[in-house]
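Engineer: One structure coming up, written as structure tokens, with questions to follow.
Every read-out reported here was derived from the displayed coordinates using simple, explicitly stated rules and does not represent laboratory data. Small disclaimer: the values here were computed from a predicted structure and weren't measured. Backbone-built Cβ (ideal geometry, glycine too); neighbour counts: all protein chains shown.
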Amino acid sequence: MEIQENTGFAPWGDPEAKPLIRFQNVTKRFGTFTAIDNLTLDIYAREFFALLGPSGCGKTTIMRMLAGFEDPSEGEIFLDGENIAGVPPNRRPVNMMFQSYALFPHLSVWDNIAFGLRRSEMARDKTRIAARVEEMLKLTRLEKFARRKPHQISGGQRQRVALARSLAKAPRLLLLDEPLGALDKKLRQETQFELMDIQERTGTTFVIVTHDQEEAMTVASRVAVMDHGKIVQVDTPATIYEAPNSVYVADFIGEINIFKGHASPPRDGFCEIAFAEGLAPIRARAPEEMQGEAEVSFAIRPEKVLIGPERPPELPEGRANAYRGKVIDIAYLGNISTYHVELAGGQKVKVQAANTRRIQRRTITWEQEVWISFTDTAGVVLTR
Ligand SMILES: Nc1ncnc2c1ncn2[C@@H]1O[C@H](COP(=O)(O)OP(=O)(O)OP(=O)(O)O)[C@@H](O)[C@H]1O
Ligand SMILES: [Mg+2]
């Protein structure tokens, strides 16, 4: 798969914006194994940037190269336009927060936060260190816990100490490798909002690695989806979700139905996709790169499909795709329900509907004959 060309892309549409970080054709090999494959990527100041991808795709390797723990085998990394090759980790305005936090167990919260400052050019200036620690305690709402040791506070509080400590020296770039991995789901969600708030207030550029795609979508202004050492797509969370550029990205982020078929040449921006297995053709918007007929995949999110006992009359005639099917499974999740619908040709479609009315979940039942439908702009046609 090709790397998406994203150099020069300013996230807020400012053509003058200069990247804080630029990876220029960076390759990283470990022996004969290529961990990062010709990576070109810009990250801008004040961005909250997320790296997302399966285990082993190279996320930590990218961070370690930024922090200076690894050198690229080929290519250059620029910080503010300066090549940072050979600049040791402690001379980079970059800090890396590891998943295990590595707090010093014998030191208080206060001393943990002060630790790096006492080894910096601030070392002799006790008043300045104290002021900075107090500022960090306030930022992370830890004032009350300053005198406690790490084992006397909760996991979420420890996570905030680690964050306070990594922000104390005011790095320009903070690298967060699975920072919330140790927290349970509820605390994790709360902490995501705290992270966003702290990032905004300090104006520090954050690069976060996470296995959790929802987390990446929540916190990040832009997300890079990786596959085997390459970035497949870099975009805002909404674009990644609504307009994935490949089956890989579509499938990686969220739930999705994917059908392989044969698309007719586009006419007025739309095509008809025919399927081998008895599924009636789907009319959908043709992607720009599609010139003639093509083997494609049609992808549609479960929540973009409507379900009902009858063919929905509200869909505009000629723009609708509607199919008969039978409900074979229902998962009630409280706020939404997921319906597994089997179509006449045997294809299975996942449909999600919000349970806005109390009676909703009783209106469609197991084994019921239903109609599913979607407009011609509800899904995406993918050529790769
Ligand atoms: N020092 C090393 N020597 C040899 N191979 C390495 C080294 N560091 C990383 N690798 C390999 O490079 C690949 C990328 O590793 P990396 O740690 O960047 O993955 P990751 O995306 O962070 O994965 P995870 O989500 O599991 O943390 C892996 O296949 C890994 O085994
Ligand atoms: Mg990793």
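Engineer: Mind checking whether some residue in the stretch 235-242 is within 29 Å of VAL133 (Cβ to Cβ) and out of contact with any strand residue (DSSP E or B) (no Cβ under 8 Å at 6 or more places or on another chain)?
Structural biologist: no
Engineer: Right, something else. Of all residues being within 16 Å of ligand 1 (Cβ to nearest atom) and either touching a Leu at 6+ places or on another chain (Cβ under 9 Å) or assigned to a loop (DSSP other than H, G, I, E, B) (or both) in the stretch 76-100, which is farthest from ARG147 (Cα to Cα)? Just the residue, please.
Structural biologist: ILE77
Engineer: Within the stretch 139-157, is there a residue that is within 16 Å of ligand 1 (Cβ to nearest atom) and out of contact with any Gly (no Cβ under 7 Å at 6 or more places or on another chain)?
Structural biologist: Looking through the stretch 139-157, none of the residues is within 16 Å of ligand 1 (Cβ to nearest atom) and out of contact with any Gly (no Cβ under 7 Å at 6 or more places or on another chain).
Engineer: With the requirement that a residue be on the phi < 0 side of the Ramachandran plot and within 27 Å of the chain's Cα centre (by Cα), what does the stretch 328-345 give you?
Structural biologist: The answer is ALA331, TYR332, LEU333, ASN335, ILE336, SER337, THR338, TYR339, HIS340.
Engineer: Criterion first (within 16 Å of ligand 2 (Cβ to nearest atom) and in contact (Cβ under 8 Å) with a residue 24 or more places away in the chain) does GLY58 satisfy it?
Structural biologist: Yes: the conditions hold for GLY58.
Engineer: For the stretch 282-295, which positions are part of a strand (DSSP E or B) and in contact with a Pro (Cβ under 8 Å, 6 or more places away or on another chain)?
Structural biologist: Answer for the stretch 282-295, where residues must be part of a strand (DSSP E or B) and in contact with a Pro (Cβ under 8 Å, 6 or more places away or on another chain): there is none.
Engineer: Take the residues in the stretch 226-275 that are hydroxyl-bearing (Ser, Thr, Tyr) and part of a helix (DSSP H, G or I), then tell me which one is nearest to TYR44 (Cα to Cα).
Structural biologist: Across the stretch 226-275, the extreme among qualifying residues is THR239.
Engineer: Residues SER297, SER337: which one is surrounded by 14 or more Cβ atoms within 10 Å (Cβ to Cβ), free of Cβ contacts under 8 Å to residues at least 40 places away in the same chain and touching a helix residue (DSSP H, G or I) at 6+ places or on another chain (Cβ under 9 Å)?
Structural biologist: SER337
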